[in-house]
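Report on the following structure.
Please treat every number below as a calculation from the coordinates, not as lab data. Here the structure is a predicted model, which is why all the values come from computation and not from measurement. Glycine also receives a Cβ, built like all others from the backbone with ideal geometry; neighbour counts cover every protein chain displayed.
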């Protein structure tokens, strides 16, 4: 595994990552393989390369991605035509028919679709991790808010008790001073 780095991405590193990913797309390889290769070259993790690609660089290279996909599809068509035109021999010297070539090209398409689905799953895993982290932050913020509310409630109740005691004391003082007529009291608002 490559060493983890904490420094910011440079434009040169972005360019190396973009060129590698586009080359892998043209060749029909997966982006995950491109991220691993880029990680080795840039001394970063494959996950960091994948995150950088998906969060920043991919948006800037939409046209390049489409062109790379077209080139990949053209290469597939050329290989498929070549496979149909040429009758090959296997290791035992038997001829491989055109039907075998079609089955092989179908298998290749299946595995390429599978690779694309795996890349999509990886994307969803990253999104899931991000949402889990976000959820944890909200949970921590909620706990802090509940603690602050509890402290404020405790302080409010204490002040309310002190206010009642003060009113009672004032009431007694007025009675002692004879300022209050019979039955008159200060009303406590709580």
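What the table shows:
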quantity	calculated
Per-peptide average of other Cβ atoms within 10 Å, ordering 146-158, 18-30 highest first	18-30, 146-158
Percentage, to the nearest whole number, of Cα pairs in segment 138-182 over 14 Å apart	66 percent
Ascending count of other beta-carbon atoms within 10 Å, so fewest first, for 126, 138	138, 126
Relative contact order for segment 1-74, counting Cα pairs under 8 Å that sit 6 or more residues apart, in percent	37 percent
